[in-house]
Every structure is written in structure tokens, then in C-alpha cells.
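Every number here is computed from the coordinates shown, using simple stated rules; none is lab data. Keep in mind it's a predicted model, so treat the numbers as computed, not measured. Glycine also receives a Cβ, built like all others from the backbone with ideal geometry; neighbour counts cover every protein chain displayed.
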Amino acid sequence: MAMIGEPPSEINKKNGDAERADELTSPDTGLAPTETLLEASPRSGRMDVGARGLREHTARGVVVNALFQIAAAGLSLLQRFAVAAFITVSEFGIWGIVLLILITLSWLKEIGISDKYLQQDEPDQELAFQKAFTLELAYTGIFCLLVLLSLPLFGLVYDNTDIVVPAAVLTLSLIGGALQAPIWVYFRRMQFVRQRTLALINPITSTAIMIPLAAAGAGYWSIVAGIVAGSFAAAIAAIAFSPYRLALRYDRGTLGEYVRFSAPLLLSGAAGILIVQGTMIVGNFTVGLAGLGALTLAGSLVTFTERVDQVISQSIYPAVAAAKDRRAVLFEAFVKSNRLALMFGLPFGFGMLLFAPDLIRFVFGERWLPAATLLQALGLIAGFRQVAFNWDVFVKATGDTRPLAVNGLVLAAVFLAVTMPAMILWGLDGYIVGASASLIAELLIRARYLRRLFEGFRMLRHMIRAAAPVLPAVLLVVGARVVEGVERDLPIALGEFVGYCLAVVAATLLFEGRLLREMLSYLPGDRSARGALPKGGEA
């Protein structure tokens, strides 16, 4: 990477030591060493990374973002656990309807304005930000108006008018989110510590408000108040530390570029709305509020798994966008970032399969026991959904977002053909059937487009390697249960859980030790491991 406007000759001179002969010899991926980091000229006008090469800066970004965002995901999980302990199952079901209405409708709002902003190379970066900020604010305002107008209709569809007012109040959080746009600048500059510090203000504020209100008996209003307060607290901080002036700038040509990039994402979002809202509508009449509460709780835990993967993959997006014409570099970034995410995703999924009944019995309470099978199944499905989960980052970086639209349409078709009929016939068990079918379809789509993007990629091989570190821990717990043969209590459950975690850590160090050492070597002040690593590391 280079300073804006820096000539290629100076770029190569600056980064030559770090990147010369840095071949991507990737025995784990099957790619031939046909490209070096120096063979493709870096794109100027992207960002200043100082004297670091692309590999080091990207890896540092993954580590920094993982640490910050796993903390944020942990706060979110704490919120869900705490609130579930203080409110009733039916109240959680009402909140689940409210949350899913806003989340799924917000998919129509997430049309990639920030992603496109990261890709642009305009000489006046302040002007580029102001134009992107204008589009974000205008679209958010229009979107919020449409949401407010549609809420009474949702109340009729769900036959529950209690959802209208909290959903209307929660819409304010979208405005707060749009006002956080200055954080994009730090993301683009790969100033991850400052970016993530500002972003953490949201979950910290939300948690500090949400849990005390829930304990005081505020019910689902505690969640609404926490989310809105956190959103505007982060917005105030982002504006206060904005590196550019906030101004409204409109350009027709810029609008056209953003529309071409965003149209497939809008279609994908619409398909997502059909799936989630269809699930809630069908569930409302087949499994009732208690069943919806179980779906919401399971969805909250699944979201925790996906957030960890998302933040790791999205943290490398600026560098991925900068290297979009260098496929071997992109492939290494894809495989390494996905392996890092799977170190958590698959152990979490198998952990839910093994320990969800204990979690309900000893944490949530007996009233949640009907959700045990759902938690187990969706946890495992969520774990395997992390395989190649970050494919969308690399698709967007190349500028061709059409595969994401195809993915959304196929999943919508699976919902209509499998999930909906299965829920009508078998309730929550039918939802598990549909979720399993969706997982298979999604992995097949990812495999197809990743083979097209990265010659030599093999999904099955990638999946087997990802699952290897967790299998010994699973066998350990299953074997212990066969030997125990007694009624489970809290000490036994805790002992098994601790043993599972220790086994996962040990196996991960055994199977992925070299990758972990490489990632840790990029932390500030730690250069001890670099000399021992082969050029290109592991992919």
C-alpha cells in the first residue's frame, strides 16, 4: 500500500524488502506458486500503511479487530443471557418479533454504501466521504419513513399491536447508525484501534442501560432503550472525532456507481426479509409466542457465532479491496481469515450440540427446555455455516456483487419449498429441517463461486481441515458421558465443559499452531516468530 498519489516506483522501493520473493507457496490450498506480492503493482491512492507490506498489515488488522469485536460480541451475548433471565418467554417472543422486523427490514438499508466508499480512489478524500455520507443519511431517512409506515401492517400480520410502538422507537437507532459514518474513514485507513474503540461505545452503553432496566422489571423496553442509547452514544463520539467535516454533497455520477454496486445487495436483502419474516409469520401461527421466543433465543446465540466470523473477515476488507486484482494474495487472505474464524465457530457449534441442555437446565431455567433440541441443531448448523462464510467480502472486493443476489434468491426458494411446508407440518422440528437444507444449498453456492474466483479451491478439503481441531474434544466428552453413566448435575456439566474447552485449545494449537504463531508475530513489538516462518507462511 502507499501514500495517496505516491508513484509506483516509490511504492516498490518502500515495500521491496517486505514483499520481494514473498511467494505464496500454499501446500494446503493446492495453488501453484505463480504469483508474488511484488509481481502485481499495488494500487495507489488507497491508504498509508507505512513501511509494512500488505501481508503484515492485513494480519495485524485481523488480530486487532478480532480482539475488539470478540469483546463486543461477548457484551451482546451477555445482554441476551441477562435479559432472558429477567423477562418471561412470551415477552421475549414479542421482543423477537420486534427485533426481527427491524433487523430484516434493515437488510434493505445495508446496500453497501460503506463498502463502495472503501473501494473508491478519488483524489479528494474529504469530498468522497461527504458524498458517501450524504447518500447514507438520505437513504436512511427514506428507509426509516418506510419502516414507520409499514409497522401497523406488521401489527395486523402478527395479530399483535403491542409490537408497533417499541418497533417505532427502535427505528431511531438506525438514524444513530447513519451518524456513525465517520468511523468508515478510520476503517478505510486501517486505523483499527481507533475505529474499534469508537465502535465499542455502542455495546458498552447498551449493556450498561439494558441489564439494570431488565432487572428493574422494564421487560422488552429495557432492550429497546439500551439499543437506542448505545447507537446515539456511538454517533456522538464518531462525530466528535470525525477526521473530515460533515457536509452534504450530491453527485449524480457517484450515485450511479453506488447503485450498480448496491442493486444485487438490495435484492439479496429482500430475499433475506422473505426468509426471516416468513419464518416469524408462519411460526406465529404454528408454534405461538413461546415457540418464537425459543427461535429468538437460538437466533441470538447463533448470531454470536456469526458475528465473530463477520468481524474477522470484514476487518481485512480495506486491504482486500486494495489487492482486488491480485488473486493469489486474495486467496491467502481468504483462507487464513476463514481458518481463524473457524477456530471459534466450529467449537462453538459442537459445544451447543453437546451442552445446550445443560445451558438451559442450569442457566436459563426449566421453562426453556422445549428449546433444547432447537439450540443444539441451530448451534451445529451455525458452526458449519462459518465454512467459507467470508466469501462475500472477496466477492464485493472484486466489484461483482451478483453472486450474492444469486445466493439470496436460492435460499429464498429453499425457504418456500422446504422450510415453510416443514414448519407447518412439524413446527420447530420442521424449522430445523429447513435450516439444514439451507445450509447445504449455501455451501454449494459458495463452493461454486469460490472455485471460479480461486482456481484450485476445494470446499470439502477446507471443511475437513477446519473440523479436525474440534473432533478430539467431541470424542472426549462423548466418551466421558459413556463412562459416567450417572444423572447429570452442575459439577459434572462444568467438568465436561472445561475439559471440552481445554481439548479444543490443545488440538487447535496442534493443528493450527503455525498459523497462530504467524498471526501473533504481527502484533506490535512481537517480531520473534517471523524469522522462523517460511515465505508466504501457511495458507
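For a Förster distance of 56 Å, can you work out the FRET efficiency between the beta-carbons of L255 and V483, rounded to the nearest 0.05? Once the sixth-power term is evaluated, E becomes 0.30.
Which entries of K109/K324; K109/K131; K324/K396 have Cα-Cα distances beyond 21 Å here? The answer is K109/K324. Taking a point 7 Å from the Cα of L148 along the Cα-to-Cβ direction, the residues of segment 160-202 with backbone N closer than 18 Å to it are 163-179.
Ranked by the mean number of other Cβ atoms within 10 Å per residue, highest first, peptides 193-199, 287-293 order as 287-293, 193-199.
When each of the peptides 488-498, 135-145, 181-191, 401-411 is scored by how many other beta carbons lie within 10 Å of its residues on average, the order from highest to lowest is 181-191, 401-411, 135-145, 488-498. List the residues of segment 214-244 whose backbone N lies under 14 Å from a point placed 7 Å from the Cα of F86 along the Cα-to-Cβ direction. Answer for segment 214-244: 214-227.
Residues of segment 96-122 with amide nitrogen under 18 Å from the 7 Å Cα-to-Cβ point of A270? Only 104-113 fall inside the zone, counting backbone N under 18 Å.
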